[in-house]
Amino acid sequence: MAEALALREAGIGQICMGEVRGRAPPGFDFGNSPFEVLNVDFTGKTIIQRTSSGTQGIVAAQQAQALFASALVTAPATARALRASGAEHISLVAMGESAATRTDEDELCALHLRNLLEGKKMWKWSHHRELRIAAAQALAKIDPRYGSQVLSDSGLEPAELAIAALDSAPACPWVRQRRYERIVLRKTFSATISSSWGKSSILVRELSLGGGMGTKEDNLRVGSEANILISVGVRQIRGQVLLRRARVNEVGFEIVNTDLESRYRLRRLLVESLQRAWDRRAQSCEIEGQGRR
């Protein structure tokens, strides 16, 4: 922050913008919200930017032959520029939170870029629904007023948006993977775990967007990476997972990679389980109320 302000004072740039923990630092002209600078004319001005993640990644990647800073709103233009560059190898790096903790919006942006580069088609809305949900959740965090305005016309369900990451503890002295509330499913679902050491079947009873818990039949290699396939009716949820130690005859798994469609199917499964739980709770309260009468 001090370096950015000193550069402006020295006349190297005219505008300081950015954030620390999502808020504009003291003395900065703007924060990091696109909505905040929607009508600002920056013609002929040099911007000095400081952020917790993006600018840190740019500094760390100075040895790259070409560098593109992208976001959900600029993903199509970035994909076109990458194709035009003719690069043989392209690395998509999701910076996450403070360049240390993985975040949904950054990883989904990287997935979106990959989909655009690989020429995958998108139906109806311009972007996949899972991408739009992540963007809406990010907007609601950055600027609640703008987020609520967009949500009213987005066609997204409040229940879909309710499946979100838990807030991180600001006083926590260490960094960990983004956490989600695990939801007890309306029924168990069968899943197959497979890797170089073979296949194994589990029954999944708890899930979140970040992983889940299941009952195992075989001795799985805790700490190893594997592929998971969860059968939900005629549809399947696929992903790569890291197996975790759990209670006796149980295994935990952390989802480390999945495609957009599988992630959205997982979200819908969680929404349905939550809605059924809410319905049962409402019925129970109604019956209890009638009994008191």
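The values are calculated or read from the model by the stated rules, or taken from the named source; none is laboratory data. Worth saying up front: this structure is predicted, and the values here are computed from it rather than measured. Cβ atoms come from the backbone with ideal geometry, glycine included; neighbour counts cover every protein chain shown.
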Considering every residue within the range 194-211, establish whether at least one is out of contact with any Gly (no Cβ under 6 Å at 6 or more places or on another chain), on the phi > 0 side of the Ramachandran plot and at pLDDT 90 or above. yes
Of 10, 66, 75, 4, which residue is modelled with pLDDT of 85 or more and surrounded by 17 or more Cβ atoms within 10 Å (Cβ to Cβ)? 4
Could we say that residue 62 is out of contact with any Asp or Glu (no Cβ under 8 Å at 6 or more places or on another chain), farther than 18 Å from residue 105 by Cα and part of a strand (DSSP E or B) here? no
Of the conditions (1) under 24 Å from the mean Cα position of the chain (by Cα); (2) on the phi > 0 side of the Ramachandran plot, residue 44 fails just one. Which one is it? (1)
Counting residues that are acidic (Asp, Glu), closer than 30 Å to residue 105 by Cβ and in contact (Cβ under 8 Å) with a residue 24 or more places away in the chain, which strands (runs of 3 or more DSSP E) fully inside the range 169-265 reach at least 1? 198-208, 225-232, 250-257
Among the residues of the range 78-90, is there at least one that is within 22 Å of residue 140 (Cα to Cα) and not in a helix (DSSP H, G or I)? no
Residue list for the range 37-50, restricted to those being under 25 Å from residue 140 (Cβ atoms) and crowded, with 16+ Cβ neighbours inside 10 Å: 37, 49, 50
Would you confirm whether any residue within the range 215-227 is under 28 Å from residue 137 (Cβ atoms), of a type in the set (D, E, K, R) and surrounded by 19 or more Cβ atoms within 10 Å (Cβ to Cβ)? no
Answer with yes or no whether residue 93 is within 26 Å of residue 131 (Cα to Cα) and surrounded by fewer than 16 Cβ atoms within 10 Å (Cβ to Cβ). yes
Within the range 1-35, count every residue that is in contact (Cβ under 8 Å) with a residue 24 or more places away in the chain and assigned to a strand (DSSP E or B). 5
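Results for (1) charged (D, E, K, R); (2) within 18 Å of residue 235 (Cα to Cα); (3) out of contact with any His (no Cβ under 6 Å at 6 or more places or on another chain), shown as yes or no for each residue.
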position	(1), (2), (3)
182	yes, no, yes
187	yes, yes, yes
197	no, no, yes
200	no, no, yes
205	yes, yes, yes
210	no, no, yes
What about residue 268, is it charged (D, E, K, R), more than 20 Å from the chain's Cα centre (by Cα) and over 19 Å from residue 199 (Cβ atoms)? no
